[in-house]
Structure formats: C-alpha cells, structure tokens
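> Take a look at the following structure, please.
The values are calculated or read from the model by the stated rules, or taken from the named source; none is laboratory data. No experiment lies behind these values; they were computed from the predicted model shown. Note: ideal-geometry Cβ built from the backbone for every residue, glycine included; neighbour counts use all protein chains shown. To get the accessible areas, we keep the full protein, side chains included, count just its heavy atoms, and leave off ligands, DNA and RNA. Shrake-Rupley method; radii C 1.70, N 1.55, O 1.52, S 1.80 Å.
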Amino acid sequence: MTQTAAIGPRSSEPAEPPTFRHFIAGEWCDSTSGATFESHNPADTRDVIGRFQQGTPADVAMAIRAAADAGAMWRRTPAPKRGEILYRFGALMAEHKERLSRAMTREMGKVIAEARGDVQEGIDIAFLMAGEGRRMFGDTVPSELPDKWAMSIRQPIGVAGIITPWNFPIAIPCWKMMPALVAGNTVVFKPASDTPHCATLLVELMAEAGFPAGSVNLVTGAGGEVGDAIVDNPDVGVISFTGSSDTGRHIATRAGRKLKRLSLELGGKNAIVVMSDADLDLATDGILWSAFGTTGQRCTAASRVVVERAAVEPLMQRLERRARTLRLGSGLDESIDVGPLINAGAVDKVAGYIEVGRREGELVLGGEPARDGELANGHFFSPTIFRDVMPMDRIAQEEIFGPVLSVIPVDDYPAAVTAVNQTRYGLSSSIFTTDANTAFRAMRDFETGIVYINAGTTGAETHLPFGGWKETGNGHREAGHAALDTFTEWKAIYVDFSGRLQRAQIDNQ
Ligand code: NDP
C-alpha cells in the first residue's frame with residue numbers, strides 16, 4: 001500500500017526525485033492529465049522532494065464517486081468502530097512522528113521542534129475524535145406530550161471536500177478529516193501544492209490504519225482546477241477550507257450557489273497587548289514566539305503588539321536585543337530558530353509590505369530577505385520589527401504572513417481594546433498584565449475566538465473550539481466537539497407510544 005517515499009537530507013549525488021500518486025478508491029493512481037509538478041525544499045530550492053500528480057476535474061470526479069460509494073458502508077459502520085480506526089491512525093502517527101516531522105520541515109520549512117508539534121496536533125485530534133466515536137452526543141429531552149419520547153441525533157452529511165493550506169500540513173488536514181470521518185462522512189482531500197508530500201505521507205498512514213477503500217481519497221494539483229472541481233460537484237455535501245481570504249470568498253461564492261455547508265478559516269491580524277504592569281521578560285518570550293515562530297506564517301501569529309506607552313521603551317529594548325539573536329537556517333538543524341518562508345511569492349509579498357511599513361512606522365530591525373552563505377538558495381527573510389505604527393496603518397491591518405511585527409503605542413487599556421478590535425479579523429488575541437481585573441476585562445472585551453492571558457497568540461489545544469470572529473471565518477469552529485457541527489446533520493426524532501394521534505402545540509393545551 002505504501003509508496004516509495006524519499007525522506008531525509010539531500011544526498012550529495014541526488015537521485016531522480018520520486019513520483020507520487022493520487023489515492024482514489026484505495027489505489028495509488030496517476031492523473032488523467034499525465035502531468036506532474038514538483039515540490040521543493042524552501043530552505044534550499046535545489047532540493048526537489050518529489051513529483052506529484054497534476055490533478056484534473058476528471059480525477060476529482062473519480063475520487064468523489066469513490067467517496068460516495070464508500071459512504072454507503074462507512075456511514076453504517078458503528079461510530080465506535082470508526083473511532084477504533086482513528087485510534088490506530090493516531091498510534092501510527094505517533095510511531096512515525098519523527099519521520100513525518102522531518103519530512104514536514106524539509107517540505108514546508110518550519111523548524112523541527114515546531115514540525116513535531118504540528119504532527120502532535122494531528123495525533124491529539126485523532127485520539128480526541130476517536131473518543132467522539134463513543135460520545136457523538138445529541139439530546140434526549142422530555143416531550144410536551146404524554147407517552148412520547150423526543151431526541152436528537154447526529155448523522156453524516158456524505159462526501160466532505162477538504163481543502164488545506166501548507167502552513168500546518170499535517171495538523172490542519174487531521175483537524176478536518178478526523179471529525180469528518182468519525183462522524184461517518186467520507187473525504188476527498190486536496191492539499192496545498194506547496195506541501196503534497198506531507199499529505200501523501202499522511203494518507204499512506206491512513207490507508208495502513210484501515211480506513212476502508214474510498215473513504216479517504218487524495219487528489220493533488222492546482223487550486224483552480226482540483227479545488228473548484230471539488231467545490232462545484234453536487235455530490236460533495238460539505239466543504240472545509242483553511243487558507244487566504246480571497247480563496248475563501250471565491251469558494252463561498254461558488255458553494256453558496258449550491259447552498260452547500262461550508263466551514264471557512266481564513267486567518268487573522270492578531271494582537272498582543274502589553275500593559276505597563278506586565279512581566280516584560282515573559283511578554284518578550286510570548287511576542288517572539290508568536291511573531292517569529294513558523295516565520296510568522298500561522299493564522300494565529302502575532303503581527304501587532306499594542307503597548308501601554310510607559311512600557312514601550314523597556315519592551316523595545318528587550319524585543320530588539322532578543323530578536324537580533326534569532327538564528328535563521330534550515331529547520332532540520334535543532335539550533336535554528338527561524339526557517340524560511342514558503343516560496344518566492346511569499347518573499348515578494350513580505351518585501352512589498354516592508355516598503356509600506358517604511359512609510360508608516362520606524363523600521364528598527366530586519367526589513368530584507370536574508371541571503372548570506374547557506375541561506376542563498378532558500379526563501380529566508382530577516383525577522384522585522386516596526387515601531388510607532390498606528391492602529392489603522394496598512395501593516396497593522398493587512399495579513400502579511402511573514403516575520404513582521406508592528407509595535408503600536410497606546411495611552412491606556414480602553415485604547416488598547418479599540419486597537420485590538422479595529423480589524424476585520426478576529427482569530428486570536430492576548431494580554432500580558434499582572435492585574436486580574438484587567439485580565440478579566442480583556443476576556444470580556446477582545447473580539448476574537450481565542451483569548452490568551454499572559455501567553456502569546458498561538459498555542460491552541462485540540463479539545464477546545466478553534467476559529468474566529470468577523471472575517472476570520474463564517475461562524476464555524478474546528479477542534480473540540482464543535483468540529484462535529486460542521487460535519488453532521490442534526491436529526492430530531494419523536495417516538496409516540498400513546499397509541500393515539502397527538503398533535504404538538506394543539507393537544508397539549
Ligand atoms: P490559498 O488560499 O491560495 O491556498 C489555500 C488552499 O486553497 C490550497 O490548497 C490552494 O491550492 C487552494 N486553492 C487555491 N485556489 C483555489 C480555488 N480556486 N478553489 C479551491 N481551492 C483553491 O493561500 P496561499 O497558499 O496562496 O497563501 C496566500 C495567503 O493566504 C498567505 O500569505 C496568507 O495571508 C493566507 N493564508 C492563510 C492561512 C491560514 O492559516 N489562515 C493558510 C495559508 C494562507 P494550491 O496550493 O494548489 O493553490
């Protein structure tokens with residue numbers, strides 16, 4: 001069932017990169033296009049990880065047909081039995097954690113410690129959702145009529161279209177596929193074209209865990225071709241997407257025409273507030289981790305620090321001093337703090353925002369691609385800090401998705417709240433303060449789906465709901481039992497054992 005997978009450091013005499021295939025109806029197969037595309041190591045683009053199938057709408061149609069066919073049996077498999085396969089998959093991921101993590105760092109660039117965390121998130125959600133196989137709770141409630149029973153149960157929707165980004169190439173697909181599958185749906189999975197190898201390794205393990213043929217299908221290829229074909233197909237009942245706002249809007253428009261269930265997770269412009277009573281060393285730790293971890297390419301990354309004026313200078317001193325010591329390089333080296341950006345387009349995008357930032361604030365650190373020595377063949381960008389940024393400046397409003405931090409001074413707590421909330425996004429926020437009253441006000445006042453007290457803006461755990469307010473999404477949540485709401489239909493059931501016709505709202509007066 002497994003394919004030949006080349007993992008590990010590039011050899012000095014590179015062999016021909018391996019070719020990987022779609023996974024449809026339990027078989028590894030080539031695309032009808034006959035074409036492939038390459039995936040590269042962003043830390044050294046000479047390192048070609050492999051060739052992947054350039055999917056077509058015909059490939060997608062086959063995958064959806066396979067998923068629909070498999071669904072007839074899978075939805076009737078008892079949910080605890082489905083959960084047992086998720087347990088096996090979680091255990092297999094744990095067994096292969098280091099291999100998956102190294103493959104992720106090589107393909108996507110995040111430093112190895114973070115890659116291990118990404119895989120661990122996948123394991124955690126597999127185990128959590130495996131348990132849902134034995135819970136999957138609905139309500140049993142009294143009826144308003146005598147001798148009548150009322151309850152609600154969850155049922156699967158059918159085929160789920162799973163479209164994922166490159167920044168959490170194991171965790172995000174697992175966050176979507178685990179609840180979909182345990183609830184009895186089957187899936188067609190289209191990963192980002194920057195991380196098809198991670199997706200392939202994941203699906204290999206899913207096949208090994210025992211998900212039946214057709215229940216999990218992988219189609220690689222371009223968003224416009226493969227993604228649109230998934231969204232448009234009438235046999236796909238629910239779509240779960242994480243990525244850019246532009247693509248999210250595009251998908252929502254198309255899915256809306258067909259009145260499809262759609263869960264969107266579209267990113268943020270997350271802020272950390274630092275009050276003058278805060279532990280500034282702790283705040284510095286939280287800011288550096290949230291701003292420059294994953295090279296700023298997390299939807300929960302902190303790209304704004306809103307600081308009470310009295311704390312600006314001491315915080316800036318700490319931030320600058322510590323940020324200068326961050327080491328850039330290949331994330332496979334355990335001593336590296338910051339890996340590359342995902343691709344050349346991302347470097348251009350970040351560089352464009354640096355020019356915007358120079359007009360809006362004062363550049364105090366970084367501000368350019370890093371190309372010295374071993375960095376020459378990668379997409380590296382220096383950790384960058386702007387100070388004296390205003391809340392409505394473009395660099396404080398638009399998602400840059402890179403290692404760029406804007407420091408925004410404010411007079412007091414009310415001004416901090418205004419700055420935090422003055423954005424079209426609402427994913428994550430945090431506050432550093434030693435005043436319990438201020439902390440509780442922040443929990444109440446910040447308009448985000450996730451709030452951290454005395455921690456950075458990243459660090460979601462899989463058993464709590466994940467998602468955001470406003471344009472971060474469309475109201476759905478991933479993770480926790482809330483994730484099941486995306487992938488199930490509610491069915492209300494009434495059982496009348498009175499032996500006579502009882503009319504609700506009429507015969508109970
Ligand atoms: P995209 O939104 O383009 O990509 C995300 C996923 O959507 C990929 O699988 C992509 O496929 C797919 N896709 C692209 N076009 C379509 C389409 N027409 N129909 C269906 N699926 C489609 O994000 P990018 O990778 O281009 O990143 C750009 C920006 O998006 C980032 O700089 C960042 O601001 C934001 N972003 C936010 C993320 C988050 O976690 N919230 C994650 C990733 C990006 P393919 O890879 O083949 O193009």
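> Cβ neighbours within 10 Å, averaged per peptide: list 343-351, 42-50, 379-387 in order, most packed at the top.
379-387, 42-50, 343-351
> While we're looking at this one, here's another question. Residues in the range 127-158 near a label at residue 500, defined as backbone nitrogen under 14 Å from the 7 Å Cα→Cβ point?
Within reach of a label on residue 500: 145-148.
> If you don't mind, another one. What number, in percent, do you get for the relative contact order of the chain if the mean sequence gap of Cα pairs under 8 Å and at least 6 apart is divided by its residue count?
Relative CO of the chain lands at 18 percent.
> If each of residue 313 and residue 463 carries a label point 7 Å out from its Cα toward its Cβ, how far apart are those two points in nm?
Placing both labels 7 Å along Cα→Cβ, they lie 4.7 nm apart.
> Right, another one. At a 1.4 Å probe radius, which order do 40, 197 fall into by accessible area, largest first?
Result, largest first: 40, 197.
> Let me ask another. Among 267-275, 411-419, how do they line up by average Cβ neighbours within 10 Å per residue, starting with the highest?
Top to bottom by mean Cβ count within 10 Å: 267-275, 411-419.
> Nearest-5 percent of antiparallel DSSP beta bridges in the range 270-453?
Beta bridges within the range 270-453, antiparallel portion: roughly 15 percent.
> Another question about this same structure. I need the peptides 182-195, 151-164 ranked by packing, meaning the mean over residues of other C-beta atoms within 10 angstrom, with the highest value on top. It would help to have the intermediate numbers written out before the result.
Details: 182-195: 26.4, 151-164: 22.0.
Going from most to least packed, we get 182-195, 151-164.
> For the pair residue 415 and residue 33, what calculated FRET efficiency results from E = 1/(1 + (r/R0)^6), where r is the Cβ-Cβ distance and R0 = 51 Å, to the nearest 0.05?
0.40
> With the dipole of the chain worked out from charges on the C-beta (+1 for Lys and Arg, -1 for Asp and Glu) around the Cα centre, which of 159, 341, 375 lies farthest toward the positive end?
159
> Let me ask you something else. Write down the accessible area per residue of the range 351-488 in Å², having rolled a 1.4 Å probe over the full set of protein chains.
About 41 Å² of surface per residue is accessible.
> Give a residue-ordered list of calculated ³J(HN,Hα) values for the range 110-124 (Karplus: 6.51 cos²θ - 1.76 cosθ + 1.60, θ = phi - 60°; whole Hz; x for Gly, Pro).
Listing the rounded values in order: 5, 5, 4, 4, 6, 4, 4, x, 4, 5, 4, 4, x, 5, 4 Hz.
> Explain nothing, just the number: dipole magnitude of the range 270-453 about its Cα centre with +1 on each Lys and Arg Cβ and -1 on each Asp and Glu Cβ, in debye rounded to the nearest 20.
I would put it at about 260 debye.
> Could you tell me whether the range 16-266 comes out rounded, prolate or oblate from its Cα gyration tensor? Rule is a ≥ b ≥ c as square roots of the eigenvalues, rounded for a/c under 1.5, then prolate if a/b exceeds b/c, otherwise oblate.
Verdict is prolate for the range 16-266.
> At 1.4 Å probe radius, can you tell me the per residue accessible area of the range 16-266 in Å²?
On the way: 8480 Å² over 251 residues.
The answer is 34 Å² per residue.
> Would you give the gap between the C-alpha center of the range 286-334 and the C-alpha center of the range 226-251, rounded to a whole Å?
About 34 Å separates the Cα centre of the range 286-334 from the one of the range 226-251.
> I've got another one for you. Please report the accessible area of residue 491 (heavy atoms, 1.4 Å probe, ligands and nucleic acids excluded) in Å², nearest 10.
My reading of the accessible area for residue 491 is about 90 Å².
> Residues with amide H under 5 Å of residue 410's amide H, sequence separation 5 or more or different chain, H placed in the peptide plane at 1.01 Å from N; which?
Result for residue 410 returns 307, 308, 309.
> If you roll a 1.4 angstrom probe over the protein chains with everything in place, what fraction of the accessible area of the chain belongs to carbon and sulfur, to the nearest %?
52
> Using Cα positions and a limit of under 14 Å, work out the aspartates and glutamates in reach of residue 349, with same-chain residues fewer than 8 apart set aside.
Partners found: 368, 398, 399.
> Going by a ≥ b ≥ c, the root eigenvalues of the Cα gyration tensor, does the chain fall in the rounded group (a/c under 1.5), the prolate group (a/b larger than b/c) or the oblate group?
Oblate.
> Here's a follow-up. Excluding residues fewer than 8 places away in the same chain, name every one of the lysines whose C-alpha is closer than 20 Å to that of residue 81.
176
> How much mean residue ellipticity at 222 nm does the chain get from its helices, if each DSSP H run of length 4 or more adds -39500 (n - 2.57) and you divide by all residues, to the nearest 500 deg cm²/dmol?
Result for the chain, helices only: -11500 deg cm²/dmol.
> In debye, nearest 20, what is the charge dipole magnitude of the chain about its Cα centre with +1 on Lys and Arg Cβ and -1 on Asp and Glu Cβ, if you could check?
The calculation lands at about 1240 debye.
> Also: Which is farthest toward the positive dipole end of the chain among 456, 241, 259, measuring Cα position about the Cα centre, with Cβ charges +1 (Lys, Arg) and -1 (Asp, Glu)?
Selected residue: 259.
> Considering only 15, 328, 169, whose Cα is most displaced toward the positive end of the charge dipole of the chain, charges sitting on Cβ of Lys, Arg (+1) and Asp, Glu (-1)?
Farthest towards the positive pole: 169.
> Here's something else I'd like to know. Charges at C-beta only: +1 for Lys and Arg, -1 for Asp and Glu. How large is the resulting dipole of the range 16-266 about its Cα centre, in Debye rounded to 20?
The dipole magnitude comes to about 600 debye.
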